[in-house]
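Values in this text are rule-based calculations from the coordinates and carry no lab data. Everything numeric in this text was worked out from a predicted model, so none of it was measured. Counting neighbours? That spans all protein chains shown, and the Cβs are built from the backbone with ideal geometry, glycine included.
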């Protein structure tokens, strides 16, 4: 099964039995991704805790 990379739109192989939270890497741009939805299969970037905290603070300040 395949999904599309949110960074470069390349097809990413997610295996035969994908599950939410599964980590994958785009072989085109090397983005670290994880599955956030199964119908359709949707990928999102894996964020570090510090990055998420920084983004949340930016939303409150802005």
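Put in line by how crowded their Cβ is, counting other Cβ atoms within 10 Å and starting with the fewest, 19, 34 read 19, 34. Approximating the spin labels as points 7 Å out from Cα along Cα→Cβ, the residue 28-to-residue 8 distance works out to 0.7 nm.
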